[in-house]
Amino acid sequence: MKIQSVCALTISAGASDESIRRETMRFIHTGDIHLGAHPESKREWAANRGEEIWGTFEKLIKKIKMDPVDLLIISGDLFHRQPLLREIKEVDYLLSTIPDTKVVICAGNHDAIKKGSFYEGFQWSENVIFLEERNIQKVNIDEINTCVYGLSYHETEIEENLYDHIIVDDINKLNILVAHGGDEKHIPINKKKLAMSGFDYVAMGHIHKPEMDERSRMAYCGSLEPIDMNDIGKRGYIYGEINKYGLELEFVPFAKRIYKEIDFTVTPKVTNMEIRHRLFDMMAENGEENMFKVAFNGYRDPDFEIKEKDIEQIGNIVSIMDETVPDFDFEELYEDNHDNILGMFIERYLDKGYLNEREKKTLYYGAKALLDAMEDET
């Protein structure tokens, strides 16, 4: 998916293609990498997820080494929690292997620079700029005619709108803001104000879903790898090309595995073996290495139960939601229960004749709940 800014179409008539190419800065925007996280750690098939997250980050740096960009932006939450000194050293070594690429990093809410943090005083490689201040700081990178603004979290929560009133100093430079946040507890962001601040690009982090707003020249890169089961869909980084005439962005899927949702419709004739076979095929079609949230819907035989423990064994399943309803014969059920509360409940709906889908579900779920309650009393 490649998105070109509207501003990129307003190239001045006097600017040659060659001069634009010379002034264009190539960058990669990533963040929310969460090194040290171990998603789905209780599941056998996910025992190496922590190492996979490190591996994907290493893979990205190797990609940059093969095809250098001018700037790598890491917009917060490089680590999932306070990093160990040896972990920072590992990251710094990786970044030192791309000396032709300037790297800008800020600490986010997960790896905030608290008292005693190993971030404090760490000597990064020459190509690395760590925005360690708690208030907005700016750093000039003369080699690429760029000025980067940003700050690091020193607490896990910041409720002040710290990005809302920044104005760039030098409009002749490419001005980039590294901004981690965007909700009530983590530096609320007013995108309209930010769009008027003069930045050529706002590299945002904290929200794990990638989101590009080319008109306002800002984007959330999303997490490099999905961190929990709510991170549904593709994950990766943003590749960008920027100059004073425009901005071009492209989201690049890069995660080793992602979370996907599967909707499985059952019928009254379905069996557990059929469910396992069909679900296995559906997971293979969606990439068996991925992680799946399975939702069952439809109507099942009243005496049938989905064996969730057996289903969990067929692949990388992180959750199962059973939204099926029993396919009751309500006329027969009414005849057997016409003199009790269940019969009175069913009668209300049978008298209506036609039922819409919502009424059908209310009838099915209500009958099931009353049957369960009656069974508990016996």
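The values are calculated or read from the model by the stated rules, or taken from the named source; none is laboratory data. Here the structure is a predicted model, which is why all the values come from computation and not from measurement. A quick note on method: Cβ atoms are made from the backbone with ideal geometry, for glycine too, and the neighbour counts reach across all protein chains shown. With ligands, DNA and RNA removed, areas are computed over all heavy atoms of the protein, side chains included. Shrake-Rupley method; radii C 1.70, N 1.55, O 1.52, S 1.80 Å.
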**Study point:** Within straight-line cross-link reach of Lys269, lysines at Cα separation under 26 Å, skipping those fewer than 8 residues along the same chain
**Key:** Lys293, Lys307, Lys309, Lys360, Lys361, Lys368
Check your understanding: In square angstrom, what is the accessible area per residue of the chain with a 1.4 angstrom probe?
Key -> 52
Point to revise | Antiparallel %, DSSP beta bridges [both residues in the chain], to 5 | key: 35
**Study point:** Formal net charge of residues neighbouring Pro188 (Cβ-Cβ distance under 9 Å; K, R +1; D, E -1)
**Key:** -4
Exercise for review: Would you please state which residues of segment 336-378 a label at Phe330 would reach in this model, taking the label point 7 Å out along Cα→Cβ and a backbone N cut-off of under 11 Å?
Suggested key: 345-367
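Computing the accessible area with a 1.4 Å probe over protein heavy atoms, can you report the carbon and sulfur percentage for the chain? Display every interim value, and only then the final one.
Numbers: 9340 of 19600 Å².
That fraction is 48 percent.
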Exercise for review: With an 8 Å cut-off on Cα pairs and a minimum separation of 6 or more residues, tell me the relative contact order of the chain in percent.
Suggested key: 15
Review point. Using a 1.4 angstrom probe and counting only protein chains, how large is the accessible area of Tyr220 in Å², to 10?
Key: 10
Point to revise | Under 15 Å, Cβ to Cβ, from Gly121 - net charge with Lys/Arg +1 and Asp/Glu -1 | key: -1
Practice item. Along Cα→Cβ, 7 Å out, is where each label goes; now give me the distance between the ones at Ile341 and Lys59 in nm to one decimal. Key: 5.6
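Tell me what the chain gives for mean residue ellipticity at 222 nm when only DSSP H runs of n ≥ 4 count, each as -39,500 (n - 2.57), the sum divided by the residue total, rounded to 500 deg cm²/dmol.
-8000 deg cm²/dmol
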Exercise for review: Taking a cut-off of 15 Å between Cα atoms, list the aspartates and glutamates near Lys193, but don't count ones fewer than 8 places away on the same chain.
Suggested key: Glu160, Asp164, Asp213
Point to revise | Fully extended contour minus Cα-Cα distance, from Lys114 to Ile232, at 0.36 nm per residue | key: 39.4 nm
Point to revise | Inter-centroid distance (Cα atoms) of segment 292-328 relative to segment 111-129, Å | key: 48
Revision key, fill the gap. Rounded to the nearest 0.05, FRET efficiency between Ile314 and Asp263 (Cβ-Cβ, R0 25 Å) equals 0.90
Review point. Val139 to Arg43: FRET efficiency via 1/(1 + (r/R0)^6), r the Cβ-Cβ distance, R0 51 Å, to the nearest 0.05?
Key: 0.75
Revision key, fill the gap. Options (1) 24.1; (2) 23.2; (3) 22.2 for Kirkwood radius over Cα pairs in Å; the value derived from the coordinates is listed as (1)
Revision key, fill the gap. Taking r as the C-beta separation of Phe280 and Thr362 and R0 as 41 Å, the FRET efficiency to the nearest 0.05 is 0.75
Review point. Too long at a 24 Å Cα-Cα cut-off: which of Lys102/Lys244; Lys62/Lys115; Lys192/Lys234?
Key: Lys62/Lys115; Lys192/Lys234
Review point. So, counting K/R as plus one and D/E as minus one, what does the shell of residues with Cβ under 10 Å around Ile207 add up to?
Key: -2
Check your understanding: What percent do you get for the relative contact order of segment 83-136 when only Cα pairs under 8 Å and 6+ apart count?
Key -> 48
